[in-house]
Amino acid sequence: MEIYTFEQIKDEVYGSRGASERDRLERELEALHVGFQIRAAREKQKLTQEELAQRIGKKRSFVSRMENDGENMTLRTLYEIVERGLGGKLKIEVQI
């Protein structure tokens, strides 16, 4: 039985890095990861989505959307959630 890495599967199905479909997939996965991190931080602080939403002046449904699909999240919103809502510090890294 042959074993493939996730990278090999992505190369085969979506093309190698730099291909438009592959880049779209990578962006979506990264946005999903950001949403998971927000949810984990909120749950660690034992906050409900409603409580976090109140802290940042948004509706609960907005927090739910960010946790489940952060793809359209602006940097401003991300800073509000992390710093004002969760009391954390946001660190952004650019990789080239």
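The values are calculated or read from the model by the stated rules, or taken from the named source; none is laboratory data. Note that the coordinates shown come from a computational prediction; the quantities given were computed from them, not determined experimentally. Note that we place each Cβ from the backbone using ideal geometry, even for glycine, and neighbour counts take in every protein chain shown. Ligands, DNA and RNA are stripped out before the accessible areas are found, and what is left, the full protein with its side chains, is counted by its heavy atoms. Shrake-Rupley method; radii C 1.70, N 1.55, O 1.52, S 1.80 Å.
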Original post:
Where a Cα-Cα gap under 30 Å defines reach, which lysines qualify for LYS58, not counting those fewer than 8 residues away within the same chain?
Top reply: LYS44, LYS46, LYS89, LYS91
Subject >> Separation in nanometres of the label points that stand 7 Å from Cα toward Cβ, at ALA40 and GLU93 >> reply: 1.4 nm
**OP:** With a probe of 1.4 Å, find how much accessible area the chain has per residue, and write the answer as a whole number in Å².
**Re:** 76 Å²
Subject >> Additional length obtainable on full extension of the chain from GLU51 to ARG27, 0.36 nm per residue less Cα span >> reply: 5.8 nm
Subject >> Among LEU32, TYR4, ALA53 - extreme Cα towards positive end, dipole of the stretch 1-62, charges at beta-carbon >> reply: ALA53
Original post:
If you take the beta carbon distance between ASN72 and THR5 as r and set R0 to 35 Å, what does 1/(1 + (r/R0)^6) give as a FRET efficiency, to the nearest 0.05?
Top reply: 0.70
